[in-house]
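S.K.: Take a look at this one; I'll ask things after.
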C-alpha cells in the first residue's frame, strides 16, 4: 500500500476503499478555529454533548483577532468556556495560527485529524490523515461519530532533484496549481514521494500540503520519515514519531512527477490561485503592499529569508511590507536570529500572530493597487478591498518586490544588490512556547457557557418540502468561492455566531440586493434556488456559506459540479445539491426564472431522476445528485441535526425557521 491507503485502512469503520464509494473514518483529533468554532460549540450544546470523545481536540482563536467592538472579545470568552465545558485544549488569541501550532504541539504521524478549516490538510506534512470538514461534521466527530466522505482516488507525485536558489516550497505547490488549476484534483488525495523529499523540511511540506486545498484535493499526504522525526525532535516530541512509508512497489491511481531542480519563481495572478505564471511574465508591475506569513508560509525559514534579503536595506517608499507571524513560538525563535532585527530596521510592519490579512482581518490593500501575498487564496474581495489585485507568491518574491517597488524575480537580486542566496539551517531544537495553551479541565469541573449578546442559539430548520415552485435568485459562473457566497473580513466574521445577522451578507459580494430579494421570495414562494456552473463553493470550509442561504429559504442549488467541502455543507443543512445531467442546460436558465420541482422528496427517497421545469421558458431540465443513501436521509430530514436529534419535532415545511 501507499501511505494514503495505509492511513485510510487503519481508520476505516465502514465502506470499502473503492474510489467514489462513501466511507466512514474514525477521527483521533479535531481542530476548530474561532471563525467556525463558535458554531461548532453551539452545535455541541444543541447535541447535549457532555465531553468530547476524541483523543485530542483543540479550539484555536486565530481568525477574528481584531476587537473593533465587543463581539469578537465576547466570542473569545465563549470559546474558552466551551473548551472548558466540553474538554478541549484552548489556544488563546495571539498564540498563533491553528495549522502550524497544531503541527508543532499536537500533530502525530499515523493519526487522523478533522478540522473545521479547509487548510487542515496541512497536517498531512507529518504523515497524518488530515481532512477539512464543515463544522457540523467536526462536531459529530468530536461526539465520537465517524467522518463520512467519498473514497478519493490517489495521485502520486514523484519529486526528484533539489530546489534551486531563490525557489522554495511555495513554488512547488504553485507549479501544481499551474498544472491542475483549482479544480483539477477534486476527489483526490495528493501523495508526494521520491528522492526530492530529502530537500524539503517538515515546514516546507506544510506549505505544499496546506495549498493542496486550492487544487480541490480532499487532502495531501507526505510520508513520515527521518525529516519528520527531526522536526518532532526539535519540538521535544520525538516520542510521538512513527515511521510511515509507502511499501516497495506501491502504486497510485494517477501519477505525476516534478523535477524540483527545474522549477523557477512562480506567481498566481488575481483573482484565482490557479492562474499561475512565472514571475518573469508579470515583472515590472508596481506594487503597494507585500504580506508575508499565514498558514501557507508559516515556518521560521519563511520569515528568516525575508530578513536576510532585507539586511542593511529599506523597503521601497511606496510599499507596505506587512509581517504576519504565525505563532508566538515562531516570533520567539525569530528574535533569536539577526533576521528579526533586519525586518524591523528595514521598515516592516509587524502584526500579531494570527491569520490577519489572509482572512481580510485588517491589512486591506489600497484601491486599485497590487498586493503580493504569501497567503493561500486571492479570491475576489477576500482581502477586504472589493476590487483587490492580490498576487500569491513565495517569501523570496515578496521580499524582492518589496525592495524594488515592483514585481521582481528574486533571482535578479544577485545583479541588483549583489545578494548571495542564503540557505536556512534547520535547527535541531527550537525554543518551545506553550504559555498560551490551556489544557482541558478535569471532567468533574463544571463550567457554564458564557454567551455575549451577539451569540444567538442555532436556528431550527424544517424538513425538505415535497415540491416547490421558486425563483432563481442568482446565476453564477465557474469556481464561485465561499468567500463570494459569505463574505469574510472584519465587518462580517464578527457575526459568525449570529445567523440572522450574518445572513444579511449572503452573496453580497456578487449581489448586494440578494438578502432583500431572498426574504421576498421566502414570503411569496416559500424559498428560492440559485444556479452555478462548475466547482461551486470552492475554498473555505465555513459552513455559514450554507447556513445563511438556508436561513433565507434556499431549497436547492442547480450546478454543473461542486467543490467537496461546499457540497458536503449544503447536504448537512438540508439544501439539495442538484447537478445538471446535460451541462448545456445551464446556459438557458436566467436569474428571475421560476423553477418548478415536483415530488422532490419522493424522487430522492426512491432514487428517481428529478425533473425541473422552467416555467418562464417552457423548458425542462433533468437533474441528478451524488448523495449516498445516508445523505439522502439527511437532506429529507432537513439537515444533519434534524437527522440525528429531532426528526419527530421538525416542522413539516422547509420554509419554516425558528430560534430554538
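S.K.: Could you grab me the full set of residues in segment 502-526 that are within 30 Å of residue 32 (Cβ to Cβ), in contact (Cβ under 8 Å) with a residue 40 or more places away in the chain and not in a strand (DSSP E or B)?
M.R.: Correct list: 502, 503, 505, 507, 509, 514, 518.
S.K.: For the condition under 19 Å from residue 564 (Cα atoms) and either in contact with a strand residue (DSSP E or B) (Cβ under 9 Å, 6 or more places away or on another chain) or at pLDDT below 95 (or both), what is the one hit in 217, 250?
M.R.: After applying the criteria, what remains is 217.
S.K.: Here's a follow-up. Does any residue of segment 286-299 turn out to be closer than 22 Å to residue 168 by Cβ and loosely packed, with under 14 Cβ neighbours inside 10 Å?
M.R.: So the first thing to find is which residues in segment 286-299 are closer than 22 Å to residue 168 by Cβ, and the list is 287, 289-299.
This time we only want the ones that are loosely packed, with under 14 Cβ neighbours inside 10 Å, so: none.
There is no residue in segment 286-299 that is closer than 22 Å to residue 168 by Cβ and loosely packed, with under 14 Cβ neighbours inside 10 Å.
S.K.: Any residue at all in segment 396-405 that is in contact with a helix residue (DSSP H, G or I) (Cβ under 7 Å, 6 or more places away or on another chain) and either assigned to a loop (DSSP other than H, G, I, E, B) or without any contact (Cβ under 8 Å) to a residue 40 or more places away in the chain (or both)?
M.R.: no
One line per residue, one yes/no per condition, for (1) within 22 Å of residue 238 (Cα to Cα); (2) surrounded by fewer than 22 Cβ atoms within 10 Å (Cβ to Cβ):
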| position | (1), (2) |
| --- | --- |
| 86 | no, no |
| 94 | no, yes |
| 99 | yes, no |
| 107 | yes, no |
| 118 | no, no |
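Residues checked against (1) assigned by TED's automatic domain parsing to the domain that holds residue 564; (2) closer than 13 Å to residue 185 by Cβ; (3) in contact (Cβ under 8 Å) with a residue 60 or more places away in the chain:
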{"site": "217", "(1), (2), (3)": "no, yes, yes"}
{"site": "226", "(1), (2), (3)": "no, no, no"}
{"site": "229", "(1), (2), (3)": "no, no, no"}
{"site": "233", "(1), (2), (3)": "no, no, yes"}
{"site": "236", "(1), (2), (3)": "no, no, yes"}
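S.K.: Separate question: May I ask you to list the residues in segment 247-265 that are surrounded by 15 or more Cβ atoms within 10 Å (Cβ to Cβ) and more than 27 Å from the chain's Cα centre (by Cα)?
M.R.: 250
S.K.: Same structure, new question: Would you be able to say whether some residue in segment 461-468 is under 21 Å from residue 166 (Cα atoms) and at pLDDT 90 or above?
M.R.: no
S.K.: I need the full set of residues from segment 37-57 which are farther than 17 Å from residue 450 by Cα and crowded, with 24+ Cβ neighbours inside 10 Å, in order please.
M.R.: Listed by number, the list holds a single entry, 57.
S.K.: Shifting gears a bit: Which one of the conditions (1) within 29 Å of the chain's Cα centre (by Cα); (2) without any contact (Cβ under 8 Å) to a residue 40 or more places away in the chain does residue 493 fail to meet, given that it meets all the rest?
M.R.: Status for residue 493: all satisfied but (2).
S.K.: Among the residues of segment 147-170, is there at least one that is closer than 18 Å to residue 263 by Cβ and under 20 Å from the mean Cα position of the chain (by Cα)?
M.R.: Within segment 147-170 (the criterion being closer than 18 Å to residue 263 by Cβ and under 20 Å from the mean Cα position of the chain (by Cα)), the answer is yes, since at least one residue qualifies.
S.K.: Please state which of the following conditions residue 482 fails to meet, knowing it meets all the rest: (1) under 23 Å from residue 273 (Cβ atoms); (2) more than 17 Å from the chain's Cα centre (by Cα).
M.R.: (2)
S.K.: Within segment 320-339, which residues are buried (at least 21 other Cβ atoms within 10 Å of the Cβ) and either in the same structural domain as residue 66 (by TED's automatic domain parsing) or more than 22 Å from residue 102 (Cα to Cα) (or both)?
M.R.: If the condition is that a residue be buried (at least 21 other Cβ atoms within 10 Å of the Cβ) and either in the same structural domain as residue 66 (by TED's automatic domain parsing) or more than 22 Å from residue 102 (Cα to Cα) (or both), then 321, 322, 339 are the ones that fit.
S.K.: Here are the criteria: (1) crowded, with 23+ Cβ neighbours inside 10 Å; (2) within 25 Å of residue 303 (Cβ to Cβ). Tell me which single one residue 219 does not satisfy.
M.R.: (2)
S.K.: Could you identify the single residue in 317, 270 that is closer than 30 Å to residue 186 by Cβ and not assigned by TED's automatic domain parsing to the domain that holds residue 198?
M.R.: 270
S.K.: I'm checking my understanding of the structure. Among residues of segment 185-199 that are without any contact (Cβ under 8 Å) to a residue 60 or more places away in the chain and surrounded by fewer than 24 Cβ atoms within 10 Å (Cβ to Cβ), which one is nearest to residue 127 (Cα to Cα)?
M.R.: Result: 197.
S.K.: Sticking with this one: Anything in segment 431-445 that is surrounded by fewer than 13 Cβ atoms within 10 Å (Cβ to Cβ) and either in contact (Cβ under 8 Å) with a residue 12 or more places away in the chain or touching a strand residue (DSSP E or B) at 6+ places or on another chain (Cβ under 7 Å) (or both)? List them, or say none.
M.R.: 435, 439, 443, 445
S.K.: Same structure again: For segment 447-476, how many residues meet the condition of being surrounded by 20 or more Cβ atoms within 10 Å (Cβ to Cβ) and in a strand (DSSP E or B)?
M.R.: Qualifying residue count for the region: 7.
S.K.: Report those helices (runs of 4 or more DSSP H) wholly inside segment 530-634 carrying at least 3 residues which are within 23 Å of the chain's Cα centre (by Cα), buried (at least 24 other Cβ atoms within 10 Å of the Cβ) and not assigned by TED's automatic domain parsing to the domain that holds residue 181. Explain how you work it out, then say what you get.
M.R.: Numbers: elements: 544-551, 564-572, 600-605.
Qualifying helices (runs of 4 or more DSSP H): 544-551, 564-572.
S.K.: Being without any contact (Cβ under 8 Å) to a residue 40 or more places away in the chain and closer than 17 Å to residue 577 by Cβ is the filter here; which residues of segment 594-607 pass it?
M.R.: First pass over segment 594-607, keeping only residues without any contact (Cβ under 8 Å) to a residue 40 or more places away in the chain: 603, 605-607.
Answer for segment 594-607, where residues must be without any contact (Cβ under 8 Å) to a residue 40 or more places away in the chain and closer than 17 Å to residue 577 by Cβ: 603, 605, 607.
S.K.: Sticking with this one: Taking the conditions exactly as written (closer than 30 Å to residue 49 by Cα and either surrounded by fewer than 13 Cβ atoms within 10 Å (Cβ to Cβ) or at pLDDT 95 or above (or both)), does residue 659 satisfy them or not?
M.R.: Yes; evaluated as a whole, the condition is true for this residue.
Yes or no, residue by residue, for (1) over 20 Å from residue 214 (Cα atoms); (2) surrounded by fewer than 21 Cβ atoms within 10 Å (Cβ to Cβ):
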| site | (1), (2) |
| --- | --- |
| 356 | no, no |
| 360 | no, no |
| 369 | yes, yes |
| 379 | no, no |
| 382 | no, no |
| 396 | yes, no |
| 401 | yes, no |
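S.K.: Hey, another quick one. Scan (1) surrounded by fewer than 16 Cβ atoms within 10 Å (Cβ to Cβ); (2) touching a strand residue (DSSP E or B) at 6+ places or on another chain (Cβ under 7 Å); (3) touching a residue at least 40 places away in the same chain (Cβ under 8 Å) for the single condition residue 268 breaks and write down its number.
M.R.: Single failed check for residue 268: (1).
S.K.: Please state which one of 386, 372 is over 16 Å from residue 308 (Cα atoms), outside the structural domain of residue 511 (by TED's automatic domain parsing), in contact (Cβ under 8 Å) with a residue 40 or more places away in the chain and not in a loop (DSSP other than H, G, I, E, B).
M.R.: 372
S.K.: Condition first: part of a helix (DSSP H, G or I), in contact with a strand residue (DSSP E or B) (Cβ under 9 Å, 6 or more places away or on another chain) and within 20 Å of residue 359 (Cβ to Cβ). Now tell me which residues in segment 40-87 satisfy that.
M.R.: 40, 41, 79
S.K.: Further, regarding this structure: Residue check: is residue 229 out of contact with any helix residue (DSSP H, G or I) (no Cβ under 6 Å at 6 or more places or on another chain) and at pLDDT below 95?
M.R.: The answer is no for residue 229.
The values are calculated or read from the model by the stated rules, or taken from the named source; none is laboratory data. Because the structure is predicted, anything quoted here is derived from the model rather than measured. So basically every Cβ, Gly included, is an ideal-geometry build from the backbone, and we count neighbours across all protein chains shown.
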